[in-house]
1. Using only alpha carbon pairs under 8 Å that are at least six residues apart, calculate the relative contact order of the range 38-169 and give it in whole percent.
2. Between Glu86 and Lys154, how high is the FRET efficiency from 1/(1 + (r/R0)^6) when r is the Cβ-Cβ distance and R₀ = 25 Å? Nearest 0.05.
3. For Lys105, which lysines qualify as cross-link partners when the Cα separation must be under 19 Å and same-chain residues fewer than eight apart are set aside?
4. Quick check for you: which residues of the range 52-85 have the amide N under 20 Å from the point 7 Å beyond the Cα of Ala98 toward its beta carbon?
5. Check which residues have an amide H placed less than 5 Å from Ser144's amide H, if you skip close sequence neighbours.
6. Between Glu169 and Asp110, what is the label-to-label distance in nm when each label sits 7 Å out along the Cα-to-Cβ direction?
7. Express in whole angstrom the spacing between the alpha-carbon centres of the range 140-169 and the range 84-128.
Amino acid sequence: MRSAPNLSALAKTAAFIALILLAPSPLLAAGPALAVVLDGNVKRPQSLDLATLQKLPAEHVTVSFLSEHGTTTASFAGPRLWAVLEAAGGLADDAKAAPLHHMLKVTGRDGYYVLLSTGEIAPEFGGKPAMLAYQRGDEAPGASGLRLIMPGDKRGGRDVRDVVTIHVE
Ligand SMILES: Nc1nc2c(c(=O)[nH]1)N[C@H]1C(S)=C(S)[C@@H](COP(=O)(O)O)O[C@H]1N2
Ligand SMILES: [Mo]
């Protein structure tokens, strides 16, 4: 004789399936990068983690930029990129004109990258407020990874998402 469906076994199976669906996968759990590797022409090449970035003077900025999705307006918080360079000891070049001689390659996890010149962001020269943002809107710090923000840009192309390395040349 066939037994009636075992309700407790069904419930267990349902609970198991729910667990698999709801549990964050290891990939999702890894999430965006919470550290940035600063290498190349700086005095102390190193990886800077979120806690270290949060100790640097933070700025808050609201930007609007155009992308293929239309206009995005969002606020971001984080240190200036120049302050991040200084956290790694600054440029490994003591020439007077050193701030005018170097460039930064800011790369996202997907390999997308943008080049900036040091003269553009050096406080005594271009002084552009390039930010390495660790917080978007009222999300938790780090929730969206790190993002380069170039306030004033018309399009979002230089606002590199999920920054993982900054190479100084
Ligand atoms: N890592 C990474 N960052 C990126 C891009 C990309 O493809 N990869 N695209 C850029 C471009 S062209 C634009 S317009 C904006 C779009 O920002 P959004 O994805 O937050 O809307 O991201 C910029 N940052
Ligand atoms: Mo874009």
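Read the figures in this text as sums done on the coordinates, not as results from a lab. Computed from a predicted structure; not experimentally measured. Cβ coordinates were reconstructed from backbone atoms using ideal geometry, including for glycine residues, and neighbour counts include every protein chain displayed.
1. Working: 281 pairs, mean separation 38.5, N = 132.
That works out to 29 percent.
2. Rounded to the nearest 0.05, the efficiency is 0.30.
3. Hits, sequence-local ones excluded: Lys43, Lys128.
4. Counting backbone N atoms under 20 Å from the label point, the list is 80-85.
5. Arg136
6. 2.3 nm
7. 14 Å
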